[in-house]
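In what follows, a structure is listed as structure tokens, so that the remarks can point back to it.
Rule-based calculations on the coordinates, nothing more; no lab input. Just so it is clear, the structure is predicted and the values come from calculations on it, not from any experiment. Note that we place each Cβ from the backbone using ideal geometry, even for glycine, and neighbour counts take in every protein chain shown.
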Amino acid sequence: MKHPQKKKGPPTMLRLPLRRRDARDYRLKAYTNEVVRRMFVATADGNYILARSAYFLRLPFDFYWLALHSLEKYYKAVLLMNGLPAKDYRHDVVRLHEAVRQVAGSLLKTRFARPPTKGLRWFSESIDEFVARLNRFGSAHNRYATYGYWLLDDELFKLDQLVWQVRRCCRPFYLEMPVAGGEPIRTNNKKLLDLNKREWKVNAWPLEELIEGPKDDPRRSTVLLFNVPFAPEKEHDLPLTFSASHAPPLVDWFRLLRASTQDPKVENSAARVLTWIGENIDFGRKDRELLEKALHDNRTARTLVGKPHTP
């Protein structure tokens, strides 16, 4: 007696032969890696190139802003290419740096190496300290100079080192390429990078295209001038040093507000200025809370002695 045949349901990934499923997964990974290279690595290169331009043009706010965004995108590319999501980090390069370090391990160093550049004033610090400063000065909350900045001539050299370290990690560290009827071909890119310490290329453009382009291309100097990691064969001697700083524009007004809080006899124009600023300019939540608290403390102190808040 023949048993009735069971109806076949729609095909699923679990019902596919292992080799076909592996091939599909491999192709999907190749497609998504290409998306990441175009969305994150290529645009990060543009930010990095412009950050260097901003440094030479002595535009520190733009240098920090572009440097932060270039590193943010490189970090996210490393995570995405290695099976990790890049959501919920926003522009926080401190958290991103730590997340990538968990993946990249010893490929990310903990301290900078002093470059053999004549005339360079070098200030020793950890990479974590540099990233934290970049996170503050390049933050969207500092786009109106809220925190000010200080810029020393070694900032560019430190950015170059960190970009070189992170960018070369913008690749899947472990790959398995399926082979019909045989064992998959396994590649350990992490080990290969550790063995070949000068390997950095991950994309066809724009950084590779520019660096390896015609030597008479004037755009190359924007990338290679004083760039020790990407042009180690060149001599990088600084003819002049460059440093700059910018005090936060609200510092004096907060100082005057504190003075009128401690001594209600002091003229209270600072409260009027800072009230206007709070009503007309957007700030981050923490900065707005700081402003509101300072104004509240001032109102309280002056009310206790019968002085008006806004004379």
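Check off (1) more than 21 Å from the chain's Cα centre (by Cα); (2) among the polar types (S, T, N, Q); (3) closer than 15 Å to residue 108 by Cβ for residue 161 and give me the number that stays unchecked.
Tallying (1) more than 21 Å from the chain's Cα centre (by Cα); (2) among the polar types (S, T, N, Q); (3) closer than 15 Å to residue 108 by Cβ, residue 161 fails exactly one: (1).
Hey, among 192, 210, which residue is loosely packed, with under 15 Cβ neighbours inside 10 Å and under 21 Å from residue 41 (Cβ atoms)?
Answer to the check: 192.
Can you tell me which residue in the range 96-123 is surrounded by the most Cβ atoms within 10 Å (Cβ to Cβ), limited to those that are without any contact (Cβ under 8 Å) to a residue 24 or more places away in the chain and under 18 Å from residue 158 (Cα atoms)?
Here is the first cut: in the range 96-123, the residues without any contact (Cβ under 8 Å) to a residue 24 or more places away in the chain are 98, 101-102, 110-111, 114.
In the following step, the residues that additionally are under 18 Å from residue 158 (Cα atoms) were identified as 98, 101, 110-111, 114.
On the way: 98: 14, 101: 19, 110: 9, 111: 13, 114: 12.
By that ranking, first place goes to 101.
Would you check which residues across the range 170-180 are within 13 Å of residue 36 (Cα to Cα) and out of contact with any Phe, Trp or Tyr (no Cβ under 8 Å at 6 or more places or on another chain) and list them? Lay out the reasoning, then the answer.
Step one: of the range 170-180, the residues within 13 Å of residue 36 (Cα to Cα) are 170-172.
Matches in the range 170-180: 171, 172.
Among (1) more than 30 Å from residue 117 (Cα to Cα); (2) assigned to a loop (DSSP other than H, G, I, E, B); (3) hydrophobic (A, V, I, L, M, F, W, C), which single condition is residue 276 missing?
(2)
Consider the range 118-144. How many of its residues are of a type in the set (S, T, N, Q), part of a helix (DSSP H, G or I) and farther than 30 Å from residue 281 by Cα?
Residues flagged as of a type in the set (S, T, N, Q), part of a helix (DSSP H, G or I) and farther than 30 Å from residue 281 by Cα within the range 118-144 amount to 0.
For residues that are touching a helix residue (DSSP H, G or I) at 6+ places or on another chain (Cβ under 8 Å), hydrophobic (A, V, I, L, M, F, W, C) and assigned to a loop (DSSP other than H, G, I, E, B), scanning just the range 54-95, find the one that is surrounded by the most Cβ atoms within 10 Å (Cβ to Cβ).
Among residues in the range 54-95 that are touching a helix residue (DSSP H, G or I) at 6+ places or on another chain (Cβ under 8 Å), hydrophobic (A, V, I, L, M, F, W, C) and assigned to a loop (DSSP other than H, G, I, E, B), the one surrounded by the most Cβ atoms within 10 Å (Cβ to Cβ) is 86.
Take the residues in the range 146-158 that are touching a helix residue (DSSP H, G or I) at 6+ places or on another chain (Cβ under 7 Å) and not charged (D, E, K, R), then tell me which one is surrounded by the most Cβ atoms within 10 Å (Cβ to Cβ).
156
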